[in-house]
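One structure below.
The values are calculated or read from the model by the stated rules, or taken from the named source; none is laboratory data. As the structure is a prediction and not an experimental result, all values here were calculated from the model. Ideal geometry is used to build each Cβ from the backbone, glycine not excepted, and the neighbour counts take in all protein chains shown. Ligands, DNA and RNA are stripped out before the accessible areas are found, and what is left, the full protein with its side chains, is counted by its heavy atoms. Shrake-Rupley method; radii C 1.70, N 1.55, O 1.52, S 1.80 Å.
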Amino acid sequence: MQTQVLSRVVRTPMQRVMKRHPTLRLCLEPLLLESAAAGEHNFINLIVDVVENARFRVEYCPSTELELFKPVAQDVFTLTHMKHPPSGRGLVFRRVYHYPFWQIDQTAERWDWDVAWAKFDPPDVPTREAQRFSGFWKKRLFDGACDHVEQAGYIYVPLQGRIRDHRSFQACSPLEMLRATLRHANGRRVVATLHPKENYDAADLAALEALGEAHSHLEIGMGDMVEHLQRCDFVVTQNSGVAFDGYFFGKAALLFAKIDFHHIAVRAEMDHLAASFKAVAQHRPNFDAYLWWFWQHQSINAGRDDAREKIAARFRRFGWPM
């Protein structure tokens, strides 16, 4: 099977008449590339079906070679996995926290995806369908753990990486976020966990140890996400996907960074943090409606019959000749 990638989003519609068939160039990491080329990746198989039906040629290439594709020919489109596209005719695809949900957009930055700018309106969501959908995925993902939930009097803070850095999409550094949580815990314990796939250097660990020595109500650990989501009062994080999982447990989130699933979270206002912490402690959004809207309505469910149609719609959204 011939293969080549689609181009990144062009804001204006592209001409549909071309001298030769357009090419989709799929730029992937080694293991994903091997799986895709062998036809073993369901979502990529769907993408290939869609673009081949639109008379694209498809080719696969390692994402390490992205820099070789600047500038890209007018009839060559690129699709990258989680990495910034190499040109204005490139798009990005990424799993939306759990399989089989995916998104296709023009940037690798989730907080600038279409869904992040969309308006969530709970009354527009079919109530029974949302409850059924949420119940199915609670069982599928967490095997009944969502049925045993309490508030045990502590704040759960899943940390990510670079905890001493304040990056542009963050309200403050993760370390300052943890300090703020300790200041505004209002009698609650604070349980902060390290990310198992992040590397924390000696300075990071020393800073956390110093906080632990200064604050007796701080506990630092690793893992046990499901248990903490069952028992915490609410989640405080920059933009960890753990907060999204917390929605299945009915746990509100206070976010210190931009992200795509912000709609039912409380945003940390650095000049009014006491009010932010008070708000999240009382926050009870419609979690079922949001999960349905975010996944079933805004994302691409690769397990549904309409997946190909949604993939084609995303490509059309960004001007690709479908």
Here the qualifying pairs (Cβ atoms under 7 Å; residues six or more apart or on different chains; first in region 59-71 and of a type in the set (D, E, K, R); second modelled with pLDDT under 80 and surrounded by fewer than 12 Cβ atoms within 10 Å (Cβ to Cβ)) come out as 59/2
Looking at residue 181, is it within 24 Å of residue 111 (Cβ to Cβ), β-branched (Val, Ile, Thr) and within 23 Å of the chain's Cα centre (by Cα)? no
Could you list all residues from region 19-40 that are in contact with a Ser or Thr (Cβ under 9 Å, 6 or more places away or on another chain), open to solvent by 50 Å² or more (accessible area, probe 1.4 Å) and not in a loop (DSSP other than H, G, I, E, B)? 30, 37
Which members of region 90-114 meet the condition of being touching a Leu at 6+ places or on another chain (Cβ under 8 Å) and buried (at least 19 other Cβ atoms within 10 Å of the Cβ)? 90, 91, 92, 93, 104, 105, 106
Subset of region 159-217 (residues that are under 25 Å from residue 267 (Cβ atoms) and of a type in the set (S, T, N, Q)): 160, 168, 170, 173, 181, 186, 193
What's the total number of residues in region 41-59 that are open to solvent by less than 50 Å² (accessible area, probe 1.4 Å), not acidic (Asp, Glu) and not in a helix (DSSP H, G or I)? 4
Restricting attention to region 310-322, which residues are open to solvent by less than 10 Å² (accessible area, probe 1.4 Å) and aliphatic (A, V, I, L, M)? 311
Count of residues meeting criterion [modelled with pLDDT of 95 or more and of a type in the set (S, T, N, Q)] in region 36-66: 3
If you check every pair at least six apart or on different chains, which have Cβ atoms under 6 Å apart with a residue in region 246-257 that is closer than 12 Å to residue 145 by Cα and β-branched (Val, Ile, Thr) first and a residue that is in a helix (DSSP H, G or I) and open to solvent by less than 10 Å² (accessible area, probe 1.4 Å) second? none
Among the residues of region 121-143, write down those that are in contact with a helix residue (DSSP H, G or I) (Cβ under 8 Å, 6 or more places away or on another chain), open to solvent by 30 Å² or more (accessible area, probe 1.4 Å) and under 16 Å from residue 244 (Cβ atoms). 138, 141
Residue check, residue 79 under 20 Å from the mean Cα position of the chain (by Cα) and either closer than 16 Å to residue 315 by Cβ or part of a strand (DSSP E or B) (or both): yes
